[in-house]
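See below for the structure under consideration.
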Amino acid sequence: MTEMTNDFADFPYKALSVDQKGPVIQVRLNPSGQDSTLNNAALDDLIALLNSLHERPDVQVLVLSSLGDDFCLGADRDEYQAALAGDPTGTATRRIVDKAYRVCDALENTHAVTIARLHGRVVGAGIALASFCDLRAGADTCRFRMPEVGLGIPPAWGGAMGRLVAENGAARIRELMLTCEPFDAATAHRIGLLHKVAPLDELDTVVDAWVRPLLRRSPEALTLTKRMLAGYARADRTADVALLDAHLLAAQLSRPRPQPSAASASGS
């Protein structure tokens, strides 16, 4: 049996657990098992990790999962509010959301084949993060939701709208974003958000069934094919405004909320 090594341990990750076994790295969100949001620390860790892969051509596969009860419950809205309280101009908030774009862009463009292993609830930014992985497998008990419109904010995180429309089709994504309707793993599979669905206790077997043949392929052929596929997908995103996401979200969050009138408050 190959001994587990961890050549990525030099970086002091705060919100990730990273393990390496030969050409495969396992990246797990929420190592504390307590906070399933994509907070600023998680974004910083993901940026550092993905940037380090530029110098690691030996890494062929990255598996992204979570150690919490859920894969991800979305972005950390408390951090957004704290950033706005400290800087009402929205500049600090834009910096946080810009990090989300950098993470998703790095996931899409890294040479390694990326696999999302999903379980529990996958909400908002969690769906966005998973969508930028090349392959996605989910437990049959997964529950998904895009809640942004219901929260009064645009679905502007990481440039995911263009990616989701290209991957899953405009009609279904439009419905799910506008209605904020929860959906299950079967629906996610039907629209292409998940490539595979399995019982939770069989999910690792599904992921391994992808990893084994990937490791037998030529790394150069895999990287070239991945980037060709990304290029064709981006051809459908010629009007991609992902770089504006941080400005759109920060502007909406910092917008003064209308106060109820005295008549409304009295119920008349």
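Scanning region 111-167 for residues that are β-branched (Val, Ile, Thr) and touching a strand residue (DSSP E or B) at 6+ places or on another chain (Cβ under 7 Å), which turns out farthest from residue 208 (Cα to Cα)? Break it down stepwise before answering.
The first filter runs over region 111-167 and keeps only residues β-branched (Val, Ile, Thr), leaving 113-115, 122-123, 127, 141, 149, 153, 165.
Those left that are additionally touching a strand residue (DSSP E or B) at 6+ places or on another chain (Cβ under 7 Å): 113-115, 122-123, 127.
Numbers: 113: 13, 114: 13, 115: 10, 122: 21, 123: 25, 127: 22 Å.
Filtering first and then ranking leaves 123.
Quick check on this structure: which one of 141, 205 is of a type in the set (Ser, Thr, Tyr), open to solvent by 20 Å² or more (accessible area, probe 1.4 Å) and either in a helix (DSSP H, G or I) or at positive phi (or both)?
Values: 141 fails: either in a helix (DSSP H, G or I) or at positive phi (or both).
Answer to the selection: 205.
Would you pick out the residues in region 15-67 that are of a type in the set (S, T, N, Q), closer than 16 Å to residue 112 by Cβ and in contact (Cβ under 8 Å) with a residue 40 or more places away in the chain? Step through it out loud before you land on a result.
Step one: list which residues in region 15-67 are of a type in the set (S, T, N, Q), which gives 17, 20, 26, 30, 32, 34, 36-37, 39-40, 51-52, 60, 65-66.
Narrowing the set further to residues that are closer than 16 Å to residue 112 by Cβ leaves 20, 26, 51-52, 60, 65.
Listed by number, the residues that qualify are 51, 52, 60, 65.
Among (1) modelled with pLDDT under 90; (2) aliphatic (A, V, I, L, M); (3) touching an Asp or Glu at 6+ places or on another chain (Cβ under 6 Å), where does residue 153 come up short?
Failed condition: (3).
Could you list, in sequence order, the residues of region 18-30 that are more than 13 Å from the chain's Cα centre (by Cα) and either on the phi > 0 side of the Ramachandran plot or open to solvent by 30 Å² or more (accessible area, probe 1.4 Å) (or both)?
First, pick out the residues of region 18-30 that are more than 13 Å from the chain's Cα centre (by Cα): 18-26, 30.
Result: 19, 21, 22, 23, 26, 30.
Counting only residues that are farther than 23 Å from residue 163 by Cβ and not in a strand (DSSP E or B), which one in region 185-202 is least open to solvent (accessible area, probe 1.4 Å)? I'd like the intermediate steps shown before the answer.
To start, the set of residues in region 185-202 that are farther than 23 Å from residue 163 by Cβ comprises 198-202.
From what is left, the residues that are not in a strand (DSSP E or B) are 199-202.
Numbers: 199: 50, 200: 86, 201: 133, 202: 94 Å².
Top of the filtered list is 199.
Any residue at all in region 79-100 that's in contact with a Ser or Thr (Cβ under 9 Å, 6 or more places away or on another chain), modelled with pLDDT of 95 or more and of a type in the set (Phe, Trp, Tyr)?
No: zero hits.
Mind telling me which of the residues 152, 126, 169 ends up being touching a residue at least 60 places away in the same chain (Cβ under 8 Å), more than 17 Å from residue 64 (Cβ to Cβ) and open to solvent by less than 60 Å² (accessible area, probe 1.4 Å)? Spell out how you get there, then give the answer.
Working: 126 fails: more than 17 Å from residue 64 (Cβ to Cβ); 169 fails: touching a residue at least 60 places away in the same chain (Cβ under 8 Å).
After ruling out the rest, the residue left standing is 152.
Looking only at residues in region 31-86 that are more than 22 Å from residue 142 (Cβ to Cβ) and of a type in the set (Val, Ile, Thr), which one is surrounded by the most Cβ atoms within 10 Å (Cβ to Cβ)?
Only one residue fits best here, namely 59.
Does residue 181 count as in a helix (DSSP H, G or I) and acidic (Asp, Glu)? Walk me through how you get there before you give the answer.
Details: in a helix (DSSP H, G or I): no; acidic (Asp, Glu): yes.
When the stated conditions are applied, residue 181 does not pass them.
Within region 13-116, considering only helices (runs of 4 or more DSSP H) that don't extend past its boundaries, which have at least 2 residues that are polar (S, T, N, Q)? Working first, answer last.
Working: elements: 40-52, 77-86, 91-109.
Helices (runs of 4 or more DSSP H) meeting the threshold: 40-52, 91-109.
Quick check on this structure: which one of 163, 174 is touching a Cys at 6+ places or on another chain (Cβ under 9 Å) and either surrounded by fewer than 17 Cβ atoms within 10 Å (Cβ to Cβ) or within 26 Å of residue 39 (Cβ to Cβ) (or both)? Give the derivation first.
Numbers: 174 fails: touching a Cys at 6+ places or on another chain (Cβ under 9 Å).
Matching residue, one of 163, 174: 163.
The values are calculated or read from the model by the stated rules, or taken from the named source; none is laboratory data. Note that the structure is predicted; figures quoted are calculated from it, not measured. Please note: Cβ atoms are built from the backbone with ideal geometry, for glycine as well, and neighbour counts cover all protein chains shown. Calculation scope for accessible area: heavy atoms of the full protein, side chains included, ligands and nucleic acids excluded. Shrake-Rupley method; radii C 1.70, N 1.55, O 1.52, S 1.80 Å.
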